[in-house]
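One structure is given below, encoded as structure tokens.
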Amino acid sequence: MILRSRAARALRSRCSDRGSNVVELAVLAPGLMMICMLILQFGLWFNARQAALASAQAGALVAREEAATNSGWTGAAQNAAAQYYGNLHTNLLSKVRPRAYGDPQTNVFVTVSGPLGYSVFPFFGLHLTISATAGGPVECFRPAAQNRCG
């Protein structure tokens, strides 16, 4: 009987799962933390992209209205985009660079770009650049006999 209980105890101790949860957590925890950090980084990137797109749309609205009548439409559109981004009171983009371009007779566009101001992974040297473009046809009044703006 004593031999049987010793053998059973030895067999149980070899097959015991004691402490395996700690080892599993130690193996899985870095991966889970990395996934959480990636989710946060994606959220920052997406929010910065939305801010850049909203600024580009505000600049494109001015560009579409001004291009047919104002020769300085590029400056007005760039100022509108920069001012709109400034009114958002966010630092998601560390430096905003609006650029207006296009043909003032047909279509105009505004692109807002800049480096992402925050990074969850600064130790990897991850530097993301955000860029968003908005534009459309130039708005102008056209009499019935005239096909072009201006």
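Data for the structure
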{"item": "Complete set of residues in segment 74-93 that are hydroxyl-bearing (Ser, Thr, Tyr), within 14 Å of Ala52 (Cβ to Cβ) and not in a loop (DSSP other than H, G, I, E, B)", "result": "Tyr84, Tyr85"}
{"item": "Among (1) buried (at least 18 other Cβ atoms within 10 Å of the Cβ); (2) more than 22 Å from the chain's Cα centre (by Cα), the one test that Gly72 misses", "result": "(1)"}
{"item": "All positions within segment 99-116 that are surrounded by 15 or more Cβ atoms within 10 Å (Cβ to Cβ) and touching a residue at least 40 places away in the same chain (Cβ under 8 Å)", "result": "Ala100, Pro104, Val108, Phe109, Val110, Thr111, Val112, Ser113, Gly114, Leu116"}
{"item": "Residue in segment 94-117 that is among the basic types (Lys, Arg), under 30 Å from Phe141 (Cβ atoms) and assigned to a helix (DSSP H, G or I) present", "result": "no"}
{"item": "Leading residue by the ranking (surrounded by the fewest Cβ atoms within 10 Å (Cβ to Cβ)) among those in segment 54-69 that are in contact (Cβ under 8 Å) with a residue 60 or more places away in the chain and under 22 Å from the mean Cα position of the chain (by Cα)", "result": "Gln57"}
{"item": "Residue in segment 140-148 that is outside any helix (DSSP H, G or I) and under 30 Å from Ile39 (Cβ atoms) present", "result": "no"}
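Taken together, the values in this text are just the output of simple stated rules run on the coordinates, not laboratory data. Keep in mind that what you see is a predicted model, and the values were worked out from it rather than measured. Cβ coordinates were reconstructed from backbone atoms using ideal geometry, including for glycine residues, and neighbour counts include every protein chain displayed.
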